[in-house]
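To keep things clear, I will list the structure first and then write my remarks on it.
The values are calculated or read from the model by the stated rules, or taken from the named source; none is laboratory data. Since the structure is predicted, the reported quantities are computational estimates derived from the model, not experimental observations. Cβ sites come from the backbone with ideal geometry, for glycine too, and all protein chains shown count toward neighbours. For the accessible areas, the whole protein counts, side chains as well, though only heavy atoms, and no ligand, DNA or RNA atoms are used. Shrake-Rupley method; radii C 1.70, N 1.55, O 1.52, S 1.80 Å.
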Amino acid sequence: MNTTGNTEMMEIKKKMTVKEFLIRYNAILILAALIIISAILSPVFLSTQNIFNLLRQNTPIMLIAMGMLLVVLTGGIDLSVGSIAAVAGMMISVSIVSWNWTTGFGIFMGVALTLIVGLALGAVNGAFIAFLRMPAFIVTLAMMTIGRGIAYLVTNGQPIRWPEGTGAQALLDFGSKGVGVVPWPVILGVAVLVVFWLLSKYTVFGRLVIATGSNQDAVTLAGINAKKYKFAVYAISGLMCALAGIVMTCRSGTGTPISGEGYELDAIAACVIGGASLSGGRGSVGGTIIGVLILALITNIMNLLSVPAYPQQIVKGIIILASVFVQSVSTKNQD
Amino acid sequence: MAYTHEVEMTDICKSFGGIAALEHVNFCADRGEVHALMGENGAGKSTLMKILAGAYSRDHGEIRINGEKKEINSTKDGRDAGISVIYQEFALAPHLTVAENILIDNLGEGKPVIDWNHLNRQARKILDWLGFGHIDVREKVENLSVAYQQVVEISKALSRNSSVLVFDEPTAVLASSEEKQLFKIIETLKGQGVCIIYISHRLSEIFAVCDKITVLKDGKNVDTVTTKDITEEQLVKMMVGRDLTEMFPPRNAKIGGVTMKVENLCCGKKVQDVSFEVREGEVLGINGLVGAGRTETLRAVFGADKKDSGTITLGGTPVQITSSKKAVSLGIGMLPEDRKKHGVLINQPIRVNMTLASLKELSGALGWINRKKEDEVIGDLVDKLKIKIGSIENDASSLSGGNQQKVALAKWLGSNCKILIFDEPTRGVDVGAKVEIYRIINQLAEEGASIIMISSEMPEIIGMSDRVLVMREGKVMGELNKNEISEENLIKLSMGVENI
């Protein structure tokens, strides 16, 4: 009798830990499951080429998601990321094609100018939100529309094709080549991820961004200018969008005003799948990376299986819903 | 059969996270009776009433309403049993009309379409009955005065045919003329046989409206008495009940020169021409009723709210404190009143909370946090404050109220603040943690800090302060030196009696 009692106890205990395990690591488990399923369904999936292709394709969204994560950590939201990326793509294209900034120095200036434009647009968002206390949703929604308008206005909606063989070739090479099998954008992406991870975990800036999102009043009363941090995250988000816009355009060699559409939702989804709370104070770089990869894999696996685009969206939506559901269950358990 | 009480709570026990809030409490109240529930903050009055209303579930004990045993496990159960609570914070929808609010849980009377004429008539009937027929039932609640909002809240309770009405410090939000109206309503309700349970800290009110008094202390029954058989002094003794010297450890601080001087401070309606000074090693108590402008005054000093006029001098030099950031850089720290809203980051690790105000000192180039140094600082603070924690990586929400308060305090000990403002430092904290917080305050004063302590608790003000400033309606009513601090003087000043 006693032994059965004990086994029962142990089973209950084991069940609890399994449940806890599932809840805590749900994102990483979903990712692992997707990788396994992909590998089984398509022999091409695990090839080096496919994997690096996948990573290269998703570098821009990864960069945007990092900026978005900082915004989400403060309890805000940035809907303008896709539009700012498009503006950046047009900006760099205009500098190369229309202004003929194709010397080495010209390219450097073009990239710098583009990054400054992204930073500035983000700073405008931040100023309205942090200092004028307007709702982030509305401000960035307006910027989303304005940015898209600017991107179209530059060439009246026409794409700008970069000439090959000029100084712009360096940028095109950045988009298509790499060190050995590792593409340049992926190297850039990894470097940025490391910076953000260090930023969020080991610096005063990261700590206070999270603290501000957790309870802005308490942070202010601790003698800290919380608004400064709220402002900064939108500016950084703008900068990351510009970087993403440049990377995208380097890959295609064409500045198109429609690029980056829908990126805001993918970036937010990535943060949330990775455990971030939209009310602020909770979220991690690691989780967001997993979130981006999950979204990328869903698309990739279905492309490999030639599933049409529309059902893909449905599956994506279900996965977002499922992971957020699991998280809401886990927070309830904590209470 | 024996006489049945309207409300009979027997052997009620309740604990939160291992800390007992109520231990074997008994409580009875009758129809047509106003029964006061008294005790210091944290004595368990509100907890007991929340159990009665179903907002908390009890760990042990039995509730009978009109002799009938009731299982009250949710607020809906409580309402169905005829119990309504009028909390200090009203549960009204400000954008809806008076009539809609009064009949909110039965708008259509079972029908899907609302009969507005009928609804308004019903609401008016209840208001008439209370003697407030002149309130327009079509008016939006947000346009009413606080007193009328309270009337709406009471009407809502009556629309549910409540036989038991609990008032949780109802006069805290009212002006004195409005208080009289409330007492009239209570008389009316009493005449109609409603059982009224009245929680308040104000002795004068208790003696004016209540028939019986039950006193709780530290979650236990002290006694139940008839009001006319007892004097105010006896009641206070019952409530305090413990030796004050034991609660408040002795302090050997040397009081030095003036560290901060505030002159003619004005900030909105709540702070009018306030002047005071505080000295090195001194604990300055600030007393007064809720709403007297104490918190507002110190928030303006701290730069959390913008002041309209007035000067602040630190160590002889006039300073402009335009933000709390500036205040902290000048060596002023503040522990806010509402711990969860302003004091701690409840969902962040204890580590983050403890070093929030001193990150600058703990970081190097590029804002890189020196974790080793941070761990040392936190270790010292945890020892010094005797904070009971599992790991500093756990969220602050895992701690008890007392330990949360210590964590909130810790962030100022780690910084170099020499003037510390404590706003209700022991609110919602159990007795043991209270004594420890008093010890910390003493230690800070002994190390030469200037402490400004806002408190509503008489024993705390009397036991801790070197000097007390009493405020009323935004003005300083008077200052009491150590030998003048007594409950009587404090009450007189805070009530606005001119001559001591």
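Overview of values
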read-out	value
Additional length obtainable on full extension of the chain from residue B:231 to residue B:443, 0.36 nm per residue less Cα span	72.6 nm
Shielding by other protein chains, B:327-339, mean Cβ within 10 Å	2
Shape call, region A:183-335: gyration tensor on alpha carbons, a/c limit 1.5	oblate
Over the protein assembly as shown: helical MRE at 222 nm, DSSP H runs n ≥ 4 each giving -39500 (n - 2.57), nearest 500	-16000 deg cm²/dmol
Relative contact order [Cα under 8 Å, 6+ residues apart], chain B, whole percent	15
Tilt relative to chain B, helix B:431-446 - C-alpha long axis, 0 to 90 degrees, to 10	30
Karplus-derived 3J(HN,Hα), 6.51/-1.76/1.60, for each residue of region A:106-118, Hz, glycine and proline x	x, 4, 4, 5, x, 5, 4, 4, 4, 4, 5, 4, x
Under 5 Å, built H, 5+ apart or other chain: amide partners of residue A:282	A:277
Region B:35-169 pair-distance distribution - Cα-Cα, 10 Å bins, rounded %	12, 38, 32, 16, 2
Length gained when the stretch residue B:183-residue B:313 is fully extended (0.36 nm per residue, less Cα-Cα span)	42.3 nm
In nm, spacing of pseudo-spin labels at residue B:393 and residue B:69 (7 Å Cα→C-beta vector)	4.9
Extended-chain gain in nm, criterion 0.36 nm per residue less alpha-carbon gap, residue B:484 and residue B:372	35.4 nm
Inter-label distance, nm, simple model (7 Å from Cα along the C-beta direction), residue A:37/residue B:4	6.1
Within straight-line cross-link reach of residue B:76, aspartates and glutamates at Cα separation under 13 Å, skipping those fewer than 8 residues along the same chain	B:105
In Å², nearest 10: area of residue A:261 left accessible to a 1.4 Å probe	110
Inter-label distance, nm, simple model (7 Å from Cα along the C-beta direction), residue B:252/residue B:140	6.3
Accessible surface of region B:283-334 [probe 1.4 Å, protein heavy atoms]: carbon and sulfur percent	54
Out-of-range pairs (alpha-carbon distance over 22 Å; input B:270/B:406; A:228/B:418; B:326/B:482; B:261/B:386; B:50/B:340; B:50/B:386)	B:270/B:406; A:228/B:418; B:326/B:482; B:261/B:386; B:50/B:386
Kirkwood Rh in Å, taken over all unlike Cα pairs in chain B	24.8
Solvent-accessible area, 1.4 Å probe, carbon plus sulfur percent, for region A:214-335	63
Cβ-Cβ FRET estimate between residue A:152 and residue A:321, R0 fixed at 35 Å, reported to 0.05	0.60
Solvent exposure, largest accessible area first (probe 1.4 Å, DNA, RNA and ligands not counted), of B:184, B:384	B:184, B:384
Centre separation in Å (Cα based) which lies between region B:259-313 and region B:322-351	18
Accessible area in square angstrom per residue, region B:341-415, 1.4 angstrom probe	41
